[in-house]
Amino acid sequence: MLEIANLSVTLPSRRGPLHVLRRIDLSMAKGQIHGLIGESGCGKTMTAMALLGLLPEGAVVAADRFRFDGDEVAGRVKTLRGRRIALISQDPAAALNPVLTIGRQMDDVIRSHHALPRPERQAKAVDILAATGLPDPQNLLRRYPHQLSGGMQQRVVIAQALATGADFLIADEPTTALDVTVGAQVLRLLRDLVASRGLTVLMITHDMDVVAETCDRATVLYAGISVEEGPVGALLDHPRHPYTQALLAALPDAAPHGARLAAVEGSIPPPTETLPGCAFAARCPHATAACAAPPPLRNAGGQSWSCHLELP
Amino acid sequence: MTLFSRLGPKGTIALAVVAAFLLLAVLAPWLAPFPEQGAGAPNIAEKFLPPMPPHLLGTDHLGRDMLSRVIYGGRVSLSSGLLIVLVSLAVGLPIGMIAGYAGGWWDEALMRLTDVFLAFPALLLAVLMAAALGPGLLNAVLAVAVTWWPWYARMARAEVLTLRSQPYVEAARLMGVSNSRILLRHVLPAALRPLSVQAAMDVGPALLTASALSFLGLGALPPTADWGQIVDAGRKFFPERWWYSVAPGMAIFVLALAFAALGDALRDGEQKDA
Amino acid sequence: MSAVLSVENLVLRYPARGLFAPRPDPALRGISLNLGPGETLGLVGESGSGKSSLLRAILGLIPYESGSIRILGEDWRQLSAAGLRRARQGVGVVAQNPFLSLSPRLTVAEILAEPLLARGDRAGPALNGQCAALLSRCGLPPDFLNRRARALSGGQAQRVAIARALALGPRLLILDEPTSALDVSVQAQILNLLADLKAEMGLSMLFVTHNLKVVAHVADRLSVMRRGEIIETGLATDLILAPRESYTRDLLGFGLRKPKALA
């Protein structure tokens, strides 16, 4: 469905070029949920913006391959936005217009994609809202966003994405603003929609629990580089890249109650830096002199990762 | 970010104009071509000369060099504009801050007080005040400031209301920091930024109001030069001796415009910052 | 053993929104909890559970209807304004977002000096030394004293906020979602720091969060809140292994590691 190789994005700034994305490889199969994992500043959201053609002015984009559904789309990703690709953002309250009814906002989306008479558009809106598990959609059309809970708002945003007819959704931290139990329901809905409508979802998140619950495969980002990719089960059970290992080990439930957690010291290299070698070397417990050179890509058990380290 | 990149080209020009007027006002005795005439000394022999060297803007009915008069008038007009804003700030800021921070009864009482002043037509109140206090520069300043301070009180109160619930202000409260210290150290610096932008924008209108008062004869008294008062004096000889009113009028116009543009640029810069 | 913090049968109701609006349901419906010396109590709840109301009531920021709150034996409602200020100095508070809770215009040194000056300490070399000591105890070198809050990373800023909360040697530390705004790896650093401080200083901590997994790791006891009530309380180790309420099971059951025997 989506194949990106060696994508880089550089933004101009007064302090020199910012390497916000250095080397992103991403390949996603149709009908899957693919996780994009990373901490703040790793380039998760920037990758989404590149896919949506929403990069800031002056951004320099380069990629060896940028294919969507078999077509090379570099330079015209914008044309896919709203037709094939839709975004579900973190804060549903901000994504919805507070002064318009849900019905009006649904209708705006449907009207711009389907030439239908008004009663049919309304019927379609009701259908789609019902498909996202919202109770009493007919009545919902007259309501305003603030009258809905966060979980319901996020379902409306998902309904809008579906109404565009897009089959590729980018979900940017879709449950971070929601309670755990409500978020779990929204994620279940996304899974169901993927199964029933053949959608493909790029799930951007920092939360390993979300990845474990919803994703089929996942890519781990660090400093604008995709450092590891693989099926979620293998990735979480046997992380290969030292950064993935460190990330998982730092979770509070990775250690026995009250024991010290394996914190990663140091911080992510700033985007102003050029990184000729391994980006994680400065914080890596296994780093050697070899890490100053670009790390080789390794493969095993369906996972791929870039690291100098031989598998033990 | 440097000041200039923040102000943009228009803002920088406005700043230059304001700075030029300030410089002329401060250095009037050295920069005015005829300083004694600027200060008011008559020179009857040369009365009503049209603009030409050495009197670039002509002379008035007492033969005084208009350029020197306008430069000297700038001292009075500029300082009255600045003083009005400063006095209003000095009164309005503490009142608004106390109302916003203390809330409850204090807020109610202080805000109703400002409402009383706001409910009165501003220029009329200023004229009445000036008439009651008698003409004179300082009285004119006080008269305008009376109508001006409630705006600052309201702005300060609104700022403090949002700042009061900021986590860092709450944190200070939870550490047992005293109210006066919270206000001075944590609230005031943050409130001062938007207020100072507003104040800079207000110098222009303040100057206009002060000029209007002196035009009505309620400002500085002759022989002290003051733009509004010169415009008034020239009115009797208009349009034959047009330069008499036009010269100070243009000065008021250009300076008020420059202050407005500067304020706009400052506000845009503030938004760029945020 | 006297409790550091004791809340008894606390009922809190926000005022009605208009003259004729119906009286709203209570936000807290009879909360009781106890925090002993050197103990860490985790208070878990999602939005609307009442945990923020409880926290604000404990800190004396909002009034409550009935019941009692005693901190170090004192009922803050009985205190004069000056007494309340003094009492507040005995409790350290760390908020969720360090960038919002540190005055943006002050340097780290000024931020750390603030509570000391509020107590009545004099500015001078002794005070500066105290600030540097606080900072190093929270894992930051002394050259951070001259930085401004906005020049810090999230983890560094939260360390400064913790150092400030410790400045007056409090016996009780109240933590309001202290790691929710931080990345996972930084969260681990902060949790380690809190564990160290607890061991060193014998602090009592009230750790309020929506994230059961985070607090389960550091707390001795856990209380789960829902709709203004504490629905389940117990030793953290027991509660993780055998939650009684299905709601608690939902909170624990989501994600990577299902509750299983922890070593």
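The values are calculated or read from the model by the stated rules, or taken from the named source; none is laboratory data. In this text the structure is predicted, and so the values were computed from the model without any measurement. Glycine also receives a Cβ, built like all others from the backbone with ideal geometry; neighbour counts cover every protein chain displayed. Areas reflect the complete protein model, heavy atoms only, side chains present, ligands, DNA and RNA absent. Shrake-Rupley method; radii C 1.70, N 1.55, O 1.52, S 1.80 Å.
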### Query
Top mean-square fluctuation among B:N179, B:N139, B:N43, Gaussian network model of chain B, C-alpha springs under 10 Å?
B:N179
### Query
Using the alpha-carbon centroid of each, what span in Å lies between region C:127-153 and region C:63-100?
26
### Message
Show me you know the interface measure: the accessible area buried between A and C, both chains summed, probe 1.4 Å, in Å² to the nearest 100.
### Response
2800
### Task
Find which of B:V144, A:I128, A:Q185 sits farthest along the positive direction of the dipole of the protein assembly as shown, computed with +1 on the beta-carbon of Lys and Arg, -1 on that of Asp and Glu, about the Cα centre.
B:V144
### Message
Rounded to the nearest 20 debye, what is the charge dipole size of region A:236-312 about its Cα centre when +1 sits on each Lys and Arg Cβ and -1 on each Asp and Glu Cβ?
### Response
60
### Summary
Residue by residue through region C:148-159, the couplings from Karplus 6.51 cos²θ - 1.76 cosθ + 1.60 with θ = phi - 60°, in Hz, x for Gly and Pro, are 9, 4, 6, 8, 9, 7, x, x, 5, 4, 5, 4
### Packing-based ranking, highest mean first, of A:90-101, A:125-136 given that Cβ atoms within 10 Å are counted
A:125-136, A:90-101
### Message
Using only the alpha-carbon atoms, how far is helix C:184-201 inclined from the longest principal axis of chain C? Give it as 0 to 90 degrees, nearest 10.
### Response
80
#### Entry: Nearest 10 degrees, 0 to 90: helix A:180-197 Cα axis against chain A principal axis
80
### Query
Toward the positive end of the charge dipole of the protein assembly as shown, about the Cα centre and with charges on Cβ (Lys, Arg +1; Asp, Glu -1), which of A:G224, C:V184, A:A94 goes farthest?
A:A94
### Solvent-accessible area lost in complex, 30 Å² minimum, residues of region A:227-255 relative to chain alone, 1.4 Å
A:A250, A:L251, A:P252, A:D253
### Message
Tell me the Rg and the Dmax, in Å, that the Cα atoms of region C:125-200 produce.
### Response
12.2, 37
### Message
Ignoring ligands, DNA and RNA, please state the percent of accessible area on region C:85-208 from carbon and sulfur, probe 1.4 Å.
### Response
49
#### Entry: Prolate/oblate/rounded call for chain C, Cα gyration tensor, a/c under 1.5 rounded
oblate
### Query
Can you list residues whose amide H is under 5 Å from A:T219's amide H, if they're 5+ apart or on another chain and H is modeled 1.01 Å from N?
A:G35, A:L36, A:I37
### Task
Once you have all Cα-Cα distances for the protein assembly as shown, histogram them in 10 Å bins from zero and send the whole-percent values.
2, 10, 16, 18, 18, 15, 10, 7, 3, 1, 0
### Query
Of the residues B:I44, B:I252, B:I230, which exhibits the maximal mean-square fluctuation in a Gaussian network model of chain B defined by a 10 Å Cα contact cut-off?
B:I44
### Query
Expressed as a whole number of Å, what is the distance separating the alpha-carbon centroids of region B:13-49 and region A:153-171?
69
### Message
Can you compute the charge dipole magnitude of chain A about its Cα centre, using +1 on each Lys and Arg Cβ and -1 on each Asp and Glu Cβ, nothing else charged? Give it in debye, rounded to the nearest 20.
### Response
820
### Query
In percent, how large is the relative contact order of chain B, given Cα pairs closer than 8 Å and 6 or more residues apart?
26
### Message
Using only the alpha-carbon atoms, how far is helix A:118-131 inclined from the longest principal axis of chain A? Give it as 0 to 90 degrees, nearest 10.
### Response
40
### Task
Order these peptides, C:220-229, B:27-36, by their mean beta-carbon neighbour count within 10 angstrom, highest first.
C:220-229, B:27-36
### Task
Could you run the numbers on buried accessible area between C and B, total for both chains, 1.4 angstrom probe, in Å² to the nearest 100?
1800
### Message
Taking beta carbons within 10 Å but only from partner chains, what does the mean come to for residues C:211-220?
### Response
4
### Summary
Diffing region A:16-28: the Karplus 3J(HN,Hα) column from phi (6.51, -1.76, 1.60, θ = phi - 60°), in whole Hz with x for Gly and Pro, holds x, x, 9, 8, 6, 10, 9, 7, 10, 10, 8, 9, 10
### Task
Work from the charge dipole of region B:25-100 (Cβ charges, +1 for Lys and Arg, -1 for Asp and Glu, about the Cα centre) and give the residue of B:I98, B:P53, B:L86 farthest towards its positive end.
B:I98
### Task
Just need the relative contact order of region B:1-150 here, percent rounded to a whole number, with Cα pairs under 8 Å and 6+ apart.
18
### Query
Between C:G67 and residues 5 or more places away or on another chain, which pairs have amide H atoms under 5 Å apart, with H built 1.01 Å from N, and which residues are they?
C:V11
### Message
Relative contact order for chain C: what percent, with Cα pairs under 8 Å and sequence separation of 6 or more?
### Response
26
### Task
Evaluate peptide A:259-272: per residue, the Cβ atoms of other protein chains within 10 Å of its Cβ; return the mean as an integer.
4
### Task
Grab the Cα-Cα distance for A:E265 and A:S40, subtract it from 0.36 nm times how many residues apart they are, and report the gain in nm with one decimal.
79.5 nm
## Note on the structure
Computed ³J(HN,Hα) along region A:261-271: with the Karplus parameters 6.51/-1.76/1.60, θ = phi - 60°, integer Hz and x for glycine or proline, the list is 8, 7, 7, 8, 6, x, 9, 5, x, x, x
## Note on the structure
Carbon/sulfur accessible area of region A:33-173, % of total, 1.4 Å probe, equals 50
### Summary
Shielding of B:163-170 by other chains, given as the mean Cβ count within 10 Å, works out to 5
## Note on the structure
About its Cα centre, region A:175-312 carries a charge dipole, from +1 on Lys and Arg Cβ atoms and -1 on Asp and Glu Cβ atoms, whose size in debye to the nearest 20 is 180
## Note on the structure
GNM of chain B, Cα pairs under 10 angstrom: of B:A158, B:A14, B:A256, the biggest fluctuation goes to B:A158
### Task
Could you let me know the centre-to-centre spacing of region A:55-91 and region A:232-294, using Cα atoms, in angstrom?
29
## Note on the structure
Length gained, B:T162-B:E36, 0.36 nm per residue minus C-alpha separation, equals 40.0 nm
### Query
Which pairs break 32 Å Cα to Cα here: A:K78/A:K124; A:K124/C:K51; A:K44/B:K10?
A:K124/C:K51; A:K44/B:K10
